[in-house]
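Asker: Shown below is the structure under consideration.
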Amino acid sequence: MLDKMKQFDEKLSLWSKDFQKITWNETINSYAENLTKTKVILNDLLTEEDHFKLLKEEIQGLQSEIDRYISTASNPEYQIAIVGAIKAGKSTLINALLGYDLASVDVTPETATLTKIKASEKSYVKTSFYTNEDWNKIWSQANNPKKKAEVFLKEYESINAESVKNSFINKKEVIFESENYVELKEEIKKWTSSKAKEHYFVKEIEIGLSSLDLDKQICIVDTPGLNDVV
């Protein structure tokens, strides 16, 4: 038992050398430190205790969540959301502020997509898709008479979006890199056009711009309208 405790202390000692102290908030730093210790303990149990190997997938999932939290806490992102009703001018305002017209101004309650815009070393468009759980919630909301989503359902049926649903639900994110403004705009249009069946299953689009004069921790968010089904 003493040997195991000594080995664990040695592992924690090695961990402490690599741990990046979060200087902006002592409370968050304390959380991150304790979670990292938890990760070391979980890894120890997974490698040395046979009955914990049956929970390998769950433990690894928890470790990934810990890594995600620490990464987010170490490099926090400040999201500034522009909120309002459909066609209120949110995208126009964002385009004017940024000096780019990449945020789509030609949207309806059926085509609006959550769009995040930030500065980055390389310009890119990252498209993420709904999971089964996400889509089931949206579909349930759309079929709720109180939500008045008749237009959404009618358009979804008329374009036969259901025929491609299984190809895009749970789909791995798509990353398109280019420094060509026209190509970036075409990529965005590809996933948001009302003529494209797949646009219904796009959860969000993240746009990174190398020429954007904005702190890299700041993200501008163009939201669907307050009256949007999503």
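The values are calculated or read from the model by the stated rules, or taken from the named source; none is laboratory data. For clarity, every value in this text was computed on a predicted model and none was experimentally measured. Cβ sites come from the backbone with ideal geometry, for glycine too, and all protein chains shown count toward neighbours. SASA here: full protein model, heavy atoms, side chains in, ligands and nucleic acids out. Shrake-Rupley method; radii C 1.70, N 1.55, O 1.52, S 1.80 Å.
Asker: Work out the FRET efficiency for N132 and T38 from their Cβ-Cβ distance, taking R0 = 35 Å, and round it to the nearest 0.05. List each step's numbers first, then the result.
Answerer: Details: r = 29 Å, r/R0 = 0.83.
It comes to 0.75.
Asker: Also, I was wondering about something else. Only loop residues by DSSP count here, and only those with at most 13 other Cβ atoms within 10 Å; note down the GluC sites (Glu not before Pro) in region 20-91 that meet that.
Answerer: Hits after loop and neighbour filter: E49, E77.
Asker: Between the DSSP loop rule and a limit of at most 16 other Cβ atoms within 10 Å, which trypsin sites (Lys or Arg not before Pro) in region 72-169 are left?
Answerer: In loop regions of region 72-169 (DSSP not H, G, I, E or B), the sparsely surrounded trypsin sites (Lys or Arg not before Pro) are K87, K122, K148.
Asker: Another question, if that's okay. How far, in nm, would the chain grow between K195 and A85 when pulled straight, counting 0.36 nm per residue and subtracting the alpha carbon separation?
Answerer: Extending this stretch completely gives an extra 37.4 nm.
Asker: Right, another one. Could you compute the FRET efficiency for T23 and R68, with r as their C-beta to C-beta distance and R0 at 25 Å, rounded to 0.05?
Answerer: Between T23 and R68 the formula returns 0.80.
Asker: Shifting gears a bit: For region 34-73, what class follows from the C-alpha gyration tensor (a ≥ b ≥ c being the square roots of its eigenvalues): rounded when a/c is under 1.5, otherwise prolate if a/b is larger than b/c, else oblate? Mind showing how you got there, number by number?
Answerer: Working: a/c = 4.25, a/b = 1.90, b/c = 2.23.
Oblate, because a/c is 1.5 or more while a/b does not exceed b/c.
Asker: Ok, one more. Which percent of the accessible heavy-atom area of region 24-164 goes to carbon and sulfur, probe 1.4 angstrom? Please report the intermediate quantities before stating the final value.
Answerer: Working: 4560 of 8600 Å².
Ligands and nucleic acids excluded, carbon and sulfur reach 53 percent.
Asker: Using modelled backbone amide H atoms (1.01 Å from N, in-plane), which distant-in-sequence or interchain residues come within less than 5 Å of G84's amide H?
Answerer: Those qualifying (amide H under 5 Å, at least 5 residues apart or on another chain) are L226.
Asker: At a Förster distance of 45 Å, what's the computed FRET efficiency of E150 paired with K56, Cβ-Cβ distance as r, to 0.05?
Answerer: With a Förster radius of 45 Å, E is 0.45.
Asker: Regarding region 60-219, what are the three Cα extents along the principal axes, ordered largest first, in Å?
Answerer: Sorted largest first, the three principal extents are 43, 42, 28 Å.
Asker: May I pose another question? Take the Cα radius of gyration of region 167-230 and divide it by 2.2 N^0.38 Å, with N its residue count; two decimals is plenty. Kindly include the intermediate steps, with their values, before the conclusion.
Answerer: Values: Rg = 13.4 Å, N = 64, 2.2 N^0.38 = 10.7 Å.
Rounded to two decimals, the normalised Rg is 1.26.
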